[in-house]
1. Residues of segment 35-67 being in a loop (DSSP other than H, G, I, E, B) and of a type in the set (Ser, Thr, Tyr), which ones?
2. Does segment 4-47 hold any residues that are modelled with pLDDT of 65 or more and aliphatic (A, V, I, L, M), and which are they?
3. Considering only segment 30-49, state which residues are loosely packed, with under 11 Cβ neighbours inside 10 Å and within 13 Å of the ligand (Cβ to nearest atom).
Amino acid sequence: MGRKDRERFLRLKESNPYYQGFRGSATATVAAPPPQPVTESVTCSVCNRRRNVNVENLPEDRSEYVCLRCQDEQAP
Ligand SMILES: [Zn+2]
């Protein structure tokens, strides 16, 4: 790209922030990394095994945590 063309391109971009169109912003969205699940190591109150659990599935009181396996066994 020549110097003249580049200057013209920059001027176009400045006068119109959407010069790159939706394609530009869509690419930026796709490039964002997916959020990592936050896990915590908790001991199950029933079987006393340590489990890595997504914090979203944890009770406020960690000592009340029952792992999925024990929850299954307790299910009626
Ligand atoms: Zn358990």
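1. SER45, TYR65
2. Matches in segment 4-47: LEU10, LEU12, VAL30, ALA31, ALA32, VAL38, VAL42, VAL46.
3. Across segment 30-49, the qualifying residue is only ASN48.
The values are calculated or read from the model by the stated rules, or taken from the named source; none is laboratory data. The structure displayed is predicted, hence computed values, not measured ones. As a convention, Cβ positions derive from the backbone with ideal geometry for all residues, glycine included, and neighbour counts pool all protein chains shown.
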